[in-house]
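The structure appears right after this line, and notes come after that.
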Amino acid sequence: MRRITVRTSPVHGRGVFALADLPAGIMLLEYKGQRVSWREAQRIHARSGAEDGHTFLFGLDDGSVIDGARGGNSARWLNHSCAPNCEAEQDGERVFIRAIRSIEKGQELFIDYRLTVDGRRTAAMKRLYACRCLADACRGTMLYSRR
């Protein structure tokens with residue numbers, strides 16, 4: 001039985017939605033795609049002309065990246081929320097998505113992207129990575145603050 005589906009999201013573009021009630025702690029899917037270096041990922045992203053901060057890149061602890069746009073699966077459509085119901089767990093070179101609380105049938109699945117950027121966070125950068133999650137505790141950006 002399929003547990004998730006991808007469809008239009010009220011938050012942004014496409015999203016991943018529960019097809020059944022999902023208990024907290026359940027492993028839902030793996031984030032798949034081609035593994036590349038950050039340098040290669042940045043080169044590909046710059047060449048694509050994407051200027052809205054939208055990519056399917058998932059950074060790994062070793063500095064490499066899973067590029068969900070190349071060989072990816074449904075996980076690439078997970079949207080960001082400042083109050084996520086799922087989290088990403090890295091196991092070696094693989095990343096898995098786990099529910100961190102119960103999710104009802106029909107609800108969208110979210111992770112906190114915890115994006116980091118080099119340099120100063122300008123107003124333009126915050127606009128580029130604006131959050132649309134509508135959570136009560138929304139921080140207004142997908143950028144992560146270590147405070």
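Estimated from helical segments only, the mean residue ellipticity of the chain at 222 nm is -3000 deg cm²/dmol, where each DSSP H run of four or more residues counts as -39500 (n - 2.57). Between the helical axis of 38-48 and the longest alpha-carbon principal axis of the chain there is an angle of about 90 degrees.
As a length-normalised measure over Cα pairs under 8 Å and 6 or more apart, the relative contact order of the range 4-45 settles at 25 percent.
Between I100 and E87, what is 0.36 nm times their sequence separation minus the Cα-Cα distance? Round to one decimal in nm. Value of the extension gain: 4.0 nm. To the nearest whole percent, what portion of all C-alpha pairs in the chain is separated by more than 24 angstrom? Counting pairs separated by more than 24 Å, the tail of P(r) holds 31 percent. Under a model in which nothing but the beta-carbon of Lys, Arg (+1) and Asp, Glu (-1) is charged, the range 4-128 shows a dipole of about 420 debye around its Cα centre.
Label-to-label distance for A130 and S37 is 3.6 nm, based on points extended 7 Å past Cα in the beta-carbon direction. Rg/Rh for the range 1-80 (Cα atoms only, Rh after Kirkwood) is 1.01.
Read-outs throughout are calculated quantities, based only on the coordinates presented, and are distinct from any laboratory measurement. Keep in mind that this is a model prediction, so the values were computed, not measured. Note that we place each Cβ from the backbone using ideal geometry, even for glycine, and neighbour counts take in every protein chain shown.
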